[in-house]
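The values are calculated or read from the model by the stated rules, or taken from the named source; none is laboratory data. Keep in mind the model is a prediction, meaning the values are calculated, not measured. We place every Cβ from the backbone using ideal geometry, glycine too, and count neighbours over all the protein chains shown.
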Amino acid sequence: MSPFGPTATGSPLTEECPCGSGKRYPMCCHRLHRGAARADTPEELMRSRYAAYALGDWDYIFRTWHPGTRPDDLGVAAPDPRLTWTGLEIEGSGIDDDTHGWVAFRAFYEAPSGAGVLAEHSRFEVRAGRWLYVDGEIADE
């Protein structure tokens, strides 16, 4: 089961993309996940990473994490498998210069203890011509 919970039909290719764009997954983040395209902005990368977490695509998470900040074992960065991620809200995003950008987001979830939200201000950097996730600061809710 995905760390973000099961999909309604069991096949993400027939469903709306988990990133919240309103598009079907094949027309949205799937093209990034399979390597047919690269994210053009930090926000597009953030959305695709959220969708990858939702679908358990650890290879994509690894490939889009800056090697200078990526953990050696992605298992330590994995969300609790008892969580079901229920939505993503982008609060803001921007590009600071040619190689640095940011995204502020809120990711909503259901846990055995009830509903919750993860709020983060993430930093991104261009390396070898593509956006990578660098790190994030968790915000108090």
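So if I check each of 111, 104, which one is within 27 Å of residue 40 (Cβ to Cβ) and either loosely packed, with under 13 Cβ neighbours inside 10 Å or in contact with a strand residue (DSSP E or B) (Cβ under 7 Å, 6 or more places away or on another chain) (or both)? Steps first, answer last, please.
Values: 111 fails: within 27 Å of residue 40 (Cβ to Cβ).
The conditions single out 104.
Against the conditions (1) surrounded by 15 or more Cβ atoms within 10 Å (Cβ to Cβ); (2) under 25 Å from residue 22 (Cα atoms); (3) under 13 Å from the mean Cα position of the chain (by Cα), where does residue 95 fall short? Just the number, please.
The failed condition is (3).
Can you pull out every residue in the stretch 109-128 that is farther than 21 Å from residue 19 by Cβ and without any contact (Cβ under 8 Å) to a residue 24 or more places away in the chain?
Matches in the stretch 109-128: 113, 114, 128.
Got a number for residues in the stretch 34-52 being more than 11 Å from the chain's Cα centre (by Cα) and surrounded by 14 or more Cβ atoms within 10 Å (Cβ to Cβ)? Don't jump to the end; show me each part of the working.
Step one: filter the stretch 34-52 for residues more than 11 Å from the chain's Cα centre (by Cα), giving 34-41.
Narrowing further to those that are surrounded by 14 or more Cβ atoms within 10 Å (Cβ to Cβ): 38-39, 41.
Qualifying residue count, the stretch 34-52: 3.
Does residue 136 satisfy the condition of being part of a strand (DSSP E or B), surrounded by 13 or more Cβ atoms within 10 Å (Cβ to Cβ) and touching a residue at least 40 places away in the same chain (Cβ under 8 Å)? Give the steps one after another, and end with the answer.
Numbers: part of a strand (DSSP E or B): yes; surrounded by 13 or more Cβ atoms within 10 Å (Cβ to Cβ): yes; touching a residue at least 40 places away in the same chain (Cβ under 8 Å): no.
Answer is no for this residue.
If the Cβ limit is 9 Å and pairs must be 6+ apart or interchain, which residue in the stretch 59-83 that is acidic (Asp, Glu) pairs with which residue that is at pLDDT below 95 and exposed (fewer than 14 other Cβ atoms within 10 Å of the Cβ)?
80/111
Can residue 99 be described as of a type in the set (Ser, Thr, Tyr) and in contact (Cβ under 8 Å) with a residue 60 or more places away in the chain? Let's see the steps before the verdict.
On the way: of a type in the set (Ser, Thr, Tyr): yes; in contact (Cβ under 8 Å) with a residue 60 or more places away in the chain: no.
Here the answer is no, as residue 99 does not meet what is asked.
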